[in-house]
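Heads up, the thing below is written out as structure tokens.
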Amino acid sequence: MAMRQTPLTCSGHTRPVVDLAFSGITPYGYFLISACKGDWIGTFLGHKGAVWGATLNTDATKAATAAADFTAKVWDAVSGDEVLTLAHKHIVKTVTFTQDSNCLLTGGNDKLLRIYDLSCPEAAPQEIAGHTSAIKKALWCNNDKQILSAADDKTIRLWDRSSMEQVQMLTFDQSVSSMEYVPDGEVLVITYGRTVAFYNALSLDLIKSVEAPAPINSASLHPEKEFFVAGGEDFKLYKFDYGTKEELESYKGHFGPVHCVRFSPDGELYASGSEDGTLRLWQTAVGKTYGLWKCVLPEDLGTENSEPLYTTPPEIKA
């Protein structure tokens, strides 16, 4: 009998969850941060407006957030203390650290990319202009030598960090709803409309694209590139075979549109954030004992004819 997907539900936010990010794998495991459009993030209290973006550095010692109060903030991810406030001229939508955590990239409604040297925060940031509408997402790529940005001007642009010049540009007939960079293989995952598309991050050449059953807001590629997952306006999570593009599974657990989805760094689960104000954690391989999920086999029950049972994990309170 096929086992039913039973997600872990992480409650605590009071408004839609619009962004989430995993850290790398640390000696203590890996960590997840989420952003809510209407209140603060977890234990990081300080913004005076909706939080649009959140990220962790590789070793989960620092966090950064982007908000509607015209600031980006850097936090001590262990203590929850605010470390730094970076003033902007408009709403900030996206933040991301370099691999060494020394620089922070931001973007937002003022159409500019900014690079802050966190070792010298009083210095003016480097600024990159070119987008003609609000920037939705910005990411480092190619070992932090280049930058990828997506904006409401219906473009994705690739920038050279040294020259601050645009290298390549992709143009679409509608705004890109999400963007993920996978360093292993230099894959760029983007979503727009019902389309999930995969590009080479260095050349911006199209690798493949898949049409989903509903408008998609976010997608994530498994670290081993075996599967990808996507979520959107129909409240569902879809899992596809990356090689064949075949839809493998779909699950409905949220009570609102899915705004963001990401695989964990070990690929064992993926997280989704929704309009319903919750995060849900889903198993990549349903029925596998992992974390709070436990598969109870018939021999463990002492019966011969029992079907495998999949215990329901508790709700997690943030």
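The values are calculated or read from the model by the stated rules, or taken from the named source; none is laboratory data. Remember, predicted model here, so these are calculated numbers, not experimental data. All Cβ positions, even for glycine, are placed from backbone atoms using ideal geometry, and neighbour counts span all protein chains on display. SASA here: full protein model, heavy atoms, side chains in, ligands and nucleic acids out. Shrake-Rupley method; radii C 1.70, N 1.55, O 1.52, S 1.80 Å.
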- prompt: Got a sec? Which strands (runs of 3 or more DSSP E) wholly within the stretch 93-152 have at least 2 residues that are over 16 Å from the mean Cα position of the chain (by Cα) and under 18 Å from Ala64 (Cα atoms)?
  reply: 103-108, 113-117
- line: Only unsatisfied item for Thr244, checking (1) more than 18 Å from the chain's Cα centre (by Cα); (2) open to solvent by less than 10 Å² (accessible area, probe 1.4 Å), is (2)
message: Pull out all pairs, ordered by first then second residue, where Cβ-Cβ is under 8 Å, the residues are six or more apart or on different chains, the first lies in the stretch 21-34 and is assigned by the TED database to the domain that holds Lys73, and the second is open to solvent by 60 Å² or more (accessible area, probe 1.4 Å) and aromatic (Phe, Trp, Tyr).
response: Phe22/Phe31; Ser23/Phe31
message: Quick check on the stretch 183-197. Is at least one of its residues assigned to a strand (DSSP E or B), more than 21 Å from Arg114 (Cα to Cα), assigned by the TED database to the domain that holds Arg262 and among the aromatic types (Phe, Trp, Tyr)?
response: yes
message: For the stretch 221-239: of the residues being over 17 Å from Val258 (Cβ atoms) and either in contact with a strand residue (DSSP E or B) (Cβ under 8 Å, 6 or more places away or on another chain) or of a type in the set (S, T, N, Q) (or both), which is most open to solvent (accessible area, probe 1.4 Å)?
response: Glu226
Test: Gln146 is open to solvent by 70 Å² or more (accessible area, probe 1.4 Å) and in the same structural domain as Phe70 (by the TED database): no
statement: Restricted to the stretch 91-105 and to residues being surrounded by 19 or more Cβ atoms within 10 Å (Cβ to Cβ) and among the aliphatic types (A, V, I, L, M), the residue nearest to Ser133 (Cα to Cα) is Val92
Verdict on Lys137 being closer than 18 Å to Leu20 by Cα, assigned by the TED database to the domain that holds Ala54, open to solvent by 40 Å² or more (accessible area, probe 1.4 Å) and modelled with pLDDT of 95 or more: yes
- prompt: Which numbered condition trips up His88, out of (1) under 21 Å from the mean Cα position of the chain (by Cα); (2) surrounded by 15 or more Cβ atoms within 10 Å (Cβ to Cβ)?
  reply: (1)
- prompt: So which residues in the stretch 67-84 are open to solvent by less than 60 Å² (accessible area, probe 1.4 Å) and either part of a strand (DSSP E or B) or modelled with pLDDT of 95 or more (or both), if there are any at all?
  reply: Ala67, Thr71, Ala72, Lys73, Val74, Trp75, Asp76, Leu84
